[in-house]
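Accompanying notes for the structure given below.
No lab work stands behind these numbers, since they all come straight from the coordinates. For clarity, every value in this text was computed on a predicted model and none was experimentally measured. For neighbour counting, all protein chains shown are included, and Cβ atoms are generated from backbone atoms with ideal geometry for every residue, glycine included.
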Amino acid sequence: MALVFYDTLTKSLQPFTPLHPGEVRMYTCGPTVYNFFHIGNARSFVMSDVIRRYFEYRGYKVTYVMNITDIDDKIIKAANEEGVDAADIATRYAKAFLDDAARFGIRPADVHPRATESIADIIAHIEGLIAKGAAYEVDGDVYFQVNAFPEYGKLSGKNIEDLQVGARVEADTRKRNPVDFALWKAAKPGEPWWESPWGNGRPGWHIECSVMSQKFLGQSFDIHAGGNDLIFPHHENEIAQSEALTHAPFARYWLHFGFLNVDNEKMSKSLGNFFTARDILDKYSAEALRFFYLQTHYRSPLNFVHEGLDAARTGLQKLQSLYDALGEAGEGTATLDVPMWEQRFIEAVDNDFNTPAGMGVLFEFTREANARLHSAEGLRSEDRAAARDFLTRSAQGVFGIVRPAGSAADGAADALVEQLMELFIALRTEARKDKQWALSDRIRDGLAEIGVLLEDSREGTRWKRKQ
């Protein structure tokens, strides 16, 4: 069976055929670094990481690029609110992104290009578009002329005429068409700027990704990925401003990840259900969080609930326990057809990166392997080694949910800590119900002394480590 996945451009499942045999060139839209990234962003970043890992598992040489947008309206706004330079905000949160991504088990991209390091390339691209009649300058601003690209809307399915009607309400009268979008923005007082043929200014958001992806992957590359919220206008504009210059296909396949809600509501600071990656990583292991994300297909909406994370921790422990036990068991005679299980795993994930189905195979495998391992006969050493190798390459190498025994933060030990904390919380809850206030306080204060904070709310008690 060939590897197939849903391509947003054709709106259908497509067999994957790389531009260069045996190689995958993949780009994912990275963060705009004005704050810590949130759990919705984390889903896209984790799924991109898993897809990259899976291609490598299937034998491809992967070149993976994820940009960092370090100049943008949001960065400037945050800088003004703090009274610092935009570069200070961008530097601070770019470092935070890379640190938090590492905590999530997200492997660094081969290249993390930054917009501010690509200004010369961006200017050259814009000059090329102007020369071809696809862009024009007005008072130091440069706009892409949407009518110059007849295929505009082919990714999102949007119609230019319909967009024009919606855009006229607050139209910039300097534009030739109200849906034309900015490639270069003239500098405003107090804003960062770079010299250009059109005066001092800075790049628009959309042009950054076109330039950085093509700089490192070529004018045509295999896969462009990102969240569903980026389909329009960001990715639609990327296609237009890229193909209007090169007259070649930009990305050959488009992958988009579903939205994330919290307790069935859209995540929002005003609703009090907005969580950064750091918030959640203080309470749950990265493996549990990755496990939780992978239980839902990447294209489907995901409802983020603490009960689901708690269940993920329990499921994770089953995989980790088998992985550890396979390295410790003695000699046996029972056999296990590991290649058959690996083939089932491949068939599951080859079908549109179906990680829930792949997880299902791993859990069926876990039940059978445990039955053989703990039988009176025990599992023979060659099959035990093959089973552990399969889990190393799949559960650990692809999904990133199993840790090697003896690692800095051992997976089994980490899961045990979480289970012990649940026990402490249950004992404290019982003490409070029985009005044993001294015991309740002793549990809370004792945990605080060793760096663990308990937080009580209407939904129950959660714990986190002190910063």
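Before moving on, here are some points about what is shown:
- DSSP beta bridges confined to the chain are antiparallel in about 50 percent of cases.
- Contact order normalised by residue count of the chain, Cα under 8 Å, 6+ apart, percent: 16
- Checking the cross-link pairs Lys77/Lys185; Lys269/Lys435; Lys185/Lys215; Lys158/Lys269; Lys77/Lys269; Lys95/Lys188 against a 25 Å limit on the alpha carbon distance flags Lys269/Lys435; Lys158/Lys269; Lys95/Lys188 as lying beyond it.
- Rel. contact order, % - alpha carbon contacts under 8 angstrom, at least six apart, the range 50-193: 20
- Sites Leu427 and Arg462, calculated FRET efficiency, Cβ-Cβ separation with R0 22 Å, nearest 0.05: 0.90
- Per the Debye formula on identical point scatterers at the alpha carbon atoms of the range 216-323, with no solvent, log10 I(q)/I(0) at q = 0.11, 0.15, 0.20, 0.23 Å⁻¹ is -0.52, -0.80, -1.04, -1.21.
- Taking the range 133-231 and dividing mean pair separation by its residue count, relative contact order in percent (alpha carbons under 8 Å, at least six apart): 25
- A simple packing score, the average count of other Cβ atoms within 10 Å per residue, orders the peptides 437-449, 75-87, 93-105 as 93-105, 75-87, 437-449, with the highest score first.
- Computed P(r) (all Cα pairs; the range 28-155; 10 Å bins; percent): 11, 30, 31, 24, 4, 0
- For the chain, convex hull of alpha carbons as volume per residue, Å³: 167
- Magnitude of the charge dipole, the chain, Cβ model with Lys/Arg +1 and Asp/Glu -1, debye to 20: 380
- For Leu3, residues with placed amide H under 5 Å, excluding near neighbours: Phe16
- Cα gyration tensor, the range 256-301 - rounded (a/c under 1.5), prolate or oblate: oblate
- The gain in end-to-end length when the Glu347 to Val138 segment is fully stretched comes to 69.8 nm, 0.36 nm per residue minus the alpha carbon separation.
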